[in-house]
Amino acid sequence: MPRGFRIFDVNANNLKEVIEKFDYYQNLISGFIKFYLTKNEKYYKIAIYINENPMIPVPSYHAEVHLSAVLTILNQIIGKTIVPNLTYFSINSISNKDEYERIFGENIILGKSENAIFFETEKLNISVNNSNPMMLEYFEVQANRILEDMKITSWYSKVKREILKTIGENEITIEFIANRFGISCRTLQYHLKDENKKFRDALLSVRMQLANHYIKNTKMDFSSIAFFLGYSESSSFFRAYKKYYKTTPKKYLK
């Protein structure tokens, strides 16, 4: 079991608590791909997004691997096989139906807009076999301390992360990002200047990172990619890409 998951092992009494702690502490164990927990009277849903942005498509392979990894962890912690009551995949077909049903259950729906597993709320009282309440306080304190340390990061990194979370849904400007942080545009510029960084460099970095992701992992044409990344014309996207990577999108695709 990955080291970070020991937090859930000792600090949860049932499946409901395991899932909630997984959501709370996921920054300790996950990076680019994030898990997003939503709860209602019927289901606990764990969906996966790229950096919390549902607009960025998750490649099918990553969706399958990460969701199956979640289930593997749950199985190890609970001590018995845990199968979702419902599973969504964005792919339109699967090659090995029996294997998918073994891992994700029989109720699999394809062609959805997200990749997610669902657990019926009323069935989340499955107990954890090796819960250790005596270790609760120690591990909670240590985990929370790590999370607080992770919040202390450069403004350039925070700006890039915020751009990545909102691109495709909004026009990305320094005014928009500053407003997301609750500070003035001038203050954000000051923070970036103090790190010898510029907003336009952060935006370009995210755009180029996503450009390669879309080119390799989706069937979007170059015009659609350019539009999603905020370029008014495809030619502007091609020029920026060639200047940044010293090659063209077409050559990268080959």
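The values are calculated or read from the model by the stated rules, or taken from the named source; none is laboratory data. Since this is a predicted model, take the numbers as computed values, not measurements. Reconstructed Cβ throughout: ideal geometry from the backbone, glycine too, with neighbour counts over all protein chains shown. Ligands, DNA and RNA are excluded from the accessible area calculation, which covers all protein heavy atoms including side chains. Shrake-Rupley method; radii C 1.70, N 1.55, O 1.52, S 1.80 Å.
Amide H contacts for ILE167 (H built 1.01 Å from N in the peptide plane; partners 5 or more residues away or on another chain; cut-off under 5 Å): none found.
Counting charges near GLU106 (Lys, Arg +1; Asp, Glu -1) among other residues having Cβ under 13 Å from its Cβ returns a value of -1.
Within the shell defined by Cβ-Cβ distances under 13 Å, the residues around ASN92 carry a net charge of +2, with Lys and Arg each +1 and Asp and Glu each -1. Apolar share of the accessible surface for the stretch 74-128: 40 percent from carbon plus sulfur atoms, 1.4 Å probe.
Other residues within the sphere of radius under 15 Å centred on the Cβ of TYR190, judged by their own Cβ, net out at +2 (K and R +1, D and E -1). If the segment from GLU195 to GLU122 were pulled out straight at 0.36 nm per residue, it would be longer than the present Cα-Cα gap by 21.3 nm.
Taking a point 7 Å from the Cα of ASN92 along the Cα-to-Cβ direction, the residues of the stretch 111-126 with backbone N closer than 12 Å to it are 111-112.
If you wrap the tightest convex hull around every Cα atom of the stretch 77-133 and split its volume per residue, you get 97 Å³. Equivalent-ellipsoid semi-axes for the stretch 164-254 (Cα gyration tensor, √(5λ), whole Å, largest first): 27, 14, 10. Here the convex hull built on the C-alpha positions of the stretch 212-254 has a volume of 62 cubic angstrom per residue. Between THR218 and THR81, the simple label model (points 7 Å from Cα in the Cβ direction) yields a spacing of 3.6 nm. Amide H contacts of TYR43 (H built 1.01 Å from N, in plane; Pro and chain starts excluded): THR121 sit under 5 Å, all sequence-distant by 5 or more or on other chains. Amide H contacts under 5 Å for ASN14: VAL128, restricted to partners 5 or more places along the chain or on a different chain, H placed in the peptide plane at 1.01 Å from N.
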